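Visitor: Here's a structure for you.
The values are calculated or read from the model by the stated rules, or taken from the named source; none is laboratory data. Note that the structure is predicted; figures quoted are calculated from it, not measured. With ideal geometry, Cβ positions are generated from the backbone for all residues, glycine too; neighbour counts draw on all protein chains shown.
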Amino acid sequence: MDGLFESHTIVMRPFEAGYRPALQAYLNHPDLAGRRYIPWGYPELAPLSEHQVEQIIQEWNESKKGFHLAVIQRESSNLIGHIECDWEWDPHCPSISLTIGPPFQHHGYGEQVLQLQLGYLFNYTPAHTVTAWINDWNQDGLAFFSKHGFQNAGRLRRTGIHAGKYTDLVIMDMLRTEWLAGQGGQHGA
Amino acid sequence: MALEGKLVILREQKREDLQKLVDLRNDLETQAWSVSLPPDFTLEMYQKRYEKREFSFERQDGQFTILTKDTGEYAGLVSYTDLHPRFSATIGIIVDKKYWGGGVAYDAQEVLLKFLYEELGLRVVRLWTHSGNPRAVKLAQKSGFKVSLRMREAIWKNGQLLDNLNMDLLREEYYALHPELIDGLPEI
């Protein structure tokens, strides 16, 4: 049952036009404001229109150096999130992001998604290190990656303005050797 | 206002500069990319790229040829990219080895920084380099940049795993180093 992009509770597959309403619903959820992981050029905080969300799906499906997938809850077939694996400038050091809609958080989906992403990148690509880029005010995001073995690599200072203050972007990384150690040193885990 | 420093003048790129730029890109020591590309660039490649540049009020980059003031010779290229208007940009510099160590790169960097802070009103300027390029790190530090990010072993180059470094200079840090300038932009 467990393929490269599926676990016992979720399946990751390409976005289809039919996912637009569910995607728009969780992207516009206030708890996700500023951490939606949508393409550059779209507003970070303002509600997104149907047309904008359709454009985002189109952009995601046209990615050439990486991919975006929809996260589908196996039990209900509902869209619950989206992920990105991006090796824009060098497959040696891809970056990842994952977003779970607020109604579906704290059920273990994020952990399953992350393990599938890392398994794919370290088992099927030349990735030597994988990075995750998280706003410094996103304490849940920072704690999530830290809990799963990522190290704090530093920050891009002053990448935006949030709640009246400058914000930084924290970059966390995991080396292939660290991932292997977490898998008991075995490839193909 | 001319973009002029003590040692250099920064001016627009001209067709006559392109062969020099090809030569710098075809030398792995001056190529200045974190991922090495084959040193087989041709003048025709750069001419095509040059001709594609179009006028726009929404420019997100600027590219300047560095000329020495005393001889008018081509010394390299300094640029900014990834401009977020009124907020941030990323700079880069390539200098002919003939001018290494003579202050040309530092002067060009300072002229560009003054343009970015005084004219474009940026809040932060960044640059990318790596742990295998201590010369670039030192040059950036001389203008006040600090290493804010070290992505471990994220670069493979010259037969080595290297750390990818981001260095940045905040607006108030820049003005603190330049008491001759007054920052009239209110803080956020």
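Visitor: Out of the stretch A:130-189, which residues are among the β-branched types (Val, Ile, Thr) and modelled with pLDDT under 95? Full working, then the answer.
Guide: Taking the stretch A:130-189 and keeping what is among the β-branched types (Val, Ile, Thr), we get A:130-131, A:134, A:159, A:161, A:167, A:170-171, A:177.
Result: A:161, single match.
Visitor: Of the residues in the stretch B:134-147, how many are buried (at least 19 other Cβ atoms within 10 Å of the Cβ) and within 29 Å of residue A:130 (Cβ to Cβ)?
Guide: 3
Visitor: In this structure, is residue A:135 under 18 Å from the mean Cα position of the chain (by Cα) and within 11 Å of another protein chain (Cβ to nearest Cβ)?
Guide: Details: under 18 Å from the mean Cα position of the chain (by Cα): yes; within 11 Å of another protein chain (Cβ to nearest Cβ): no.
Criteria not met by residue A:135.
Visitor: Next question. How many residues, within the stretch A:1-10, are under 22 Å from residue A:62 (Cβ atoms) and at pLDDT 95 or above?
Guide: Final tally of qualifying residues: 1.
So that you can scan it fast, the table gives a plain yes or no per residue for (1) within 14 Å of another protein chain (Cβ to nearest Cβ); (2) part of a helix (DSSP H, G or I); (3) under 11 Å from the mean Cα position of the chain (by Cα):
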residue: A:99; (1), (2), (3): no, no, yes
residue: A:112; (1), (2), (3): no, yes, no
residue: A:130; (1), (2), (3): yes, no, no
residue: A:141; (1), (2), (3): no, yes, yes
residue: A:144; (1), (2), (3): no, yes, no
residue: A:149; (1), (2), (3): yes, no, no
residue: A:156; (1), (2), (3): yes, no, no
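Visitor: Which of the residues belonging to the stretch A:137-157 are in contact with a Lys or Arg (Cβ under 6 Å, 6 or more places away or on another chain) and closer than 17 Å to residue A:35 by Cα?
Guide: The one that is in contact with a Lys or Arg (Cβ under 6 Å, 6 or more places away or on another chain) and closer than 17 Å to residue A:35 by Cα: A:138.
Visitor: Pick out the one residue from B:37, B:18 that is outside any strand (DSSP E or B) and either crowded, with 16+ Cβ neighbours inside 10 Å or of a type in the set (Gly, Ala, Ser) (or both). Even if it seems obvious, please write down each step before you answer.
Guide: Values: B:37 fails: either crowded, with 16+ Cβ neighbours inside 10 Å or of a type in the set (Gly, Ala, Ser) (or both).
Step by step, each of B:37, B:18 is checked, and only B:18 is outside any strand (DSSP E or B) and either crowded, with 16+ Cβ neighbours inside 10 Å or of a type in the set (Gly, Ala, Ser) (or both).
Visitor: Among the residues of the stretch A:133-154, count how many are surrounded by 18 or more Cβ atoms within 10 Å (Cβ to Cβ) and touching a Gly at 6+ places or on another chain (Cβ under 8 Å).
Guide: Residues flagged as surrounded by 18 or more Cβ atoms within 10 Å (Cβ to Cβ) and touching a Gly at 6+ places or on another chain (Cβ under 8 Å) within the stretch A:133-154 amount to 3.
Visitor: Okay, moving on. Residues A:90, A:86: which one is under 17 Å from residue B:152 (Cα atoms) and charged (D, E, K, R)?
Guide: Values: A:86 fails: under 17 Å from residue B:152 (Cα atoms).
Testing whether each residue is under 17 Å from residue B:152 (Cα atoms) and charged (D, E, K, R) leaves just A:90.
Visitor: Related question: Of the residues that make up the stretch B:83-100, is at least one over 14 Å from the mean Cα position of the chain (by Cα), within 13 Å of chain A (Cβ to nearest Cβ), surrounded by fewer than 20 Cβ atoms within 10 Å (Cβ to Cβ) and more than 30 Å from residue A:130 (Cα to Cα)?
Guide: yes
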